[in-house]
Every structure is written in C-alpha cells, then in structure tokens.
Amino acid sequence: MKIQAILFDFDGTLADTMQRHFFCWKQTLEEVGVVINEGDYYPMEGSSLHKIAEKYTGSQEQQFINKLVVRKKKLYVDLYKHETLAFYPGSVKLIQFLTKKYPLAIVTAGHEDQLRKTAPKEFLNLFANLTCGDSVKSNKPSPEPYIAACKKLRKDPRTCVVVENAPLGVKSAIEAGCYCIGVESTCDKNQLSEAHETITDIANLLNAKVFADQ
C-alpha cells in the first residue's frame, strides 16, 4: 500500500482530553439526574454529541438534548480558559514531521467551534482539513466522516491511513475503506480488534507495519 494521506481522530488519539470530556458529560448529566461512569463512556467516543446525550438520558426531545449539548460544550471550553490542552507525548512532533510528507486531516465527532476554541491554532494549521461532527449528517460509526475527509483531500480511501483510539472510530474507518491503526490509549487491544493493527501509543505510530515499505 502506497500511503497518500493520514487521517487522525483527535480526542484520545492525539490529545489527552478524554477524562475532561467525561468530567464535563458527568457534570452535565448529573444536573438532570443521570449518573454515568468512565467505563460506559469511553467506548461511546466518536458518537455525535447529540447521540451521547440521547443514549444516557433516554430522551429524544430535541430542545432538551440541544440544551445538554450546549451545556457540555460550555463546560469543556471553560476548562481550557484556565489550562492548556495536553497532547500525548510525541504527538506534536509526530504531526510536525508527517505534515512534510503527507496531507493530514483531523476527523472528530467534536464540533468545530469547540475544537478551535481549545486546540492551539498553530497545531490545527498543520492539517490540510478538519472534518468535525457538526459538518456531517452521520457521525462514527458511520463511514461518512472518513469518506468526507478523503473527498476533501481528493484521495481514494483505500490509499489513506486512519489513526483511531475508539471502537466506533475504527468501525467508521474500516467501512470507509481506509487502513486503520488502533491506538491503545483509552481502549484495550481487544476493544480495537477490528483495526488492521494496533500500537500501544501514538509515539510508536511510525513503527506500525503499514509504514514499513514507505
């Protein structure tokens, strides 16, 4: 396989943000009497924010769900008014290296306004495009986000590598026709079993088998 582009999930793959997302969802849902735990939340990563709210509340009343999504996003953005977004060790240098060799994209269920308010602009500028959860009709595990990102890059999905940390994201990438590498940052190898291969952390990405012949 000759790699033409690399597509990255953001939260839990490049950025060490999943505990903060969980904290914000936990607080938001507790305000309406719903209790969640981390073990239930992490496998849901990649779902749209609205789907997460619907799942945990059991409601499909859109005005109510919209309010929860807005509340969660505000809590998350407010966190980063007081602290700097943390990346996994080696991820920034990796992206700085790869952007000189391949077109890169971020494919995330997070909304674009949230991403731009919390991630450093100079980091986002290393990517050719962003495909966010509010720019597609169906989020992961639908293949639509990765298909859309490949179209923006003008690349055949079969020539693209996806790097994902969550089962729903892996499924999305595989169904889009991409080669998928699972990163065991928030889910274990068994949960990422649909991926073509897995790595223990993002810093080891270039040791993945798919890069051997590049």
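Spot the failing condition for A109; the list is (1) part of a loop (DSSP other than H, G, I, E, B); (2) open to solvent by 40 Å² or more (accessible area, probe 1.4 Å); (3) within 19 Å of V183 (Cα to Cα), and only one is missed.
That leaves (2) as the condition not met.
Give me the residue from region 48-73 that is loosely packed, with under 13 Cβ neighbours inside 10 Å and out of contact with any helix residue (DSSP H, G or I) (no Cβ under 6 Å at 6 or more places or on another chain) and, out of that set, nearest to A15 (Cα to Cα).
Step by step, filter region 48-73, then rank; the result is V70.
Which condition from (1) open to solvent by 60 Å² or more (accessible area, probe 1.4 Å); (2) outside any helix (DSSP H, G or I) is the one that F127 breaks?
Only one criterion is unmet by F127, namely (1).
Report, ordered by the first and then the second residue, all pairs with beta carbons closer than 6 Å, sequence separation of six or more or different chains, a first member in region 142-162 that is at pLDDT 95 or above and among the aromatic types (F, W, Y), and a second member that is open to solvent by 60 Å² or more (accessible area, probe 1.4 Å) and in a strand (DSSP E or B).
none
Which of the following residues is in contact (Cβ under 8 Å) with a residue 12 or more places away in the chain, open to solvent by less than 20 Å² (accessible area, probe 1.4 Å) and not in a strand (DSSP E or B): A173, A203?
After applying the criteria, what remains is A173.
For region 3-19, what are the residues that are modelled with pLDDT under 95 and open to solvent by 10 Å² or more (accessible area, probe 1.4 Å)?
If the condition is that a residue be modelled with pLDDT under 95 and open to solvent by 10 Å² or more (accessible area, probe 1.4 Å), then Q19 is the only one that fits.
Need a quick list: helices (runs of 4 or more DSSP H) entirely within region 1-80 having at least 3 residues that are aliphatic (A, V, I, L, M).
Fully inside region 1-80 and qualifying: 49-57, 62-79.
The values are calculated or read from the model by the stated rules, or taken from the named source; none is laboratory data. In this text, all values refer to a predicted model and were calculated from it rather than measured experimentally. Positions of Cβ are generated from backbone atoms using ideal geometry, with glycine treated the same way; all protein chains shown enter the neighbour counts. Side chains included, ligands, DNA and RNA excluded: accessible areas come from the protein's heavy atoms. Shrake-Rupley method; radii C 1.70, N 1.55, O 1.52, S 1.80 Å.
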